[in-house]
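The structure appears below as structure tokens.
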């Protein structure tokens with residue numbers, strides 16, 4: 001898939017909604033499409049995270065402390081906090097079906113932020129809101 005084609009998948013994500021075409025191109029260059037079979041553990045609760053995933057096809061399941069939290073379908077995403085904060089994962093994310101995901105690597109994304117610091121300023125309010133939401137769900 002051409003990097004510019006990723007724009008359609010990035011724009012609906014609150015984290016990237018305010019970015020212009022050039023900024024979306026920069027994020028797309030840190031992205032790779034990955035496919036996983038049903039049952040594959042994508043992220044493990046407590047593990048250190050550096051990336052996020054956007055569901056292109058299929059369904060992911062989110063499990064925290066062995067409890068089903070949510071299903072994430074096409075257009076949904078997981079791991080956005082780890083992308084920027086490189087924190088420990090708050091839940092397991094498992095491929096509920098065969099899935100095709102857009103993987104955004106945190107190490108490469110750091111280079112995007114270094115090259116275009118305005119992106120970080122646009123992302124900060126979204127990350128703060130998501131962090132607050134996750135804290136509410138874990139306490």
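Nothing in this text is a laboratory measurement; each read-out follows from the coordinates by a stated rule. If you're wondering where the values come from, they're calculated on a predicted model, not measured in any experiment.
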**Prompt:** Extension gain residue 121-residue 33, at 0.36 nm per residue separation less the Cα-Cα distance, in nm?
**Reply:** 29.0 nm
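So between residue 70 and residue 21, what do we pick up on full extension, going 0.36 nm a residue minus the alpha carbon distance? Before the final figure, lay out each step's value.
Details: separation 49, 0.36 × 49 = 17.64 nm, distance 3.13 nm.
So the chain would gain 14.5 nm between residue 70 and residue 21.
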**Message:** Cα atoms only: what Rg and Dmax, in Å, come out for the chain?
**Reply:** 14.3, 41
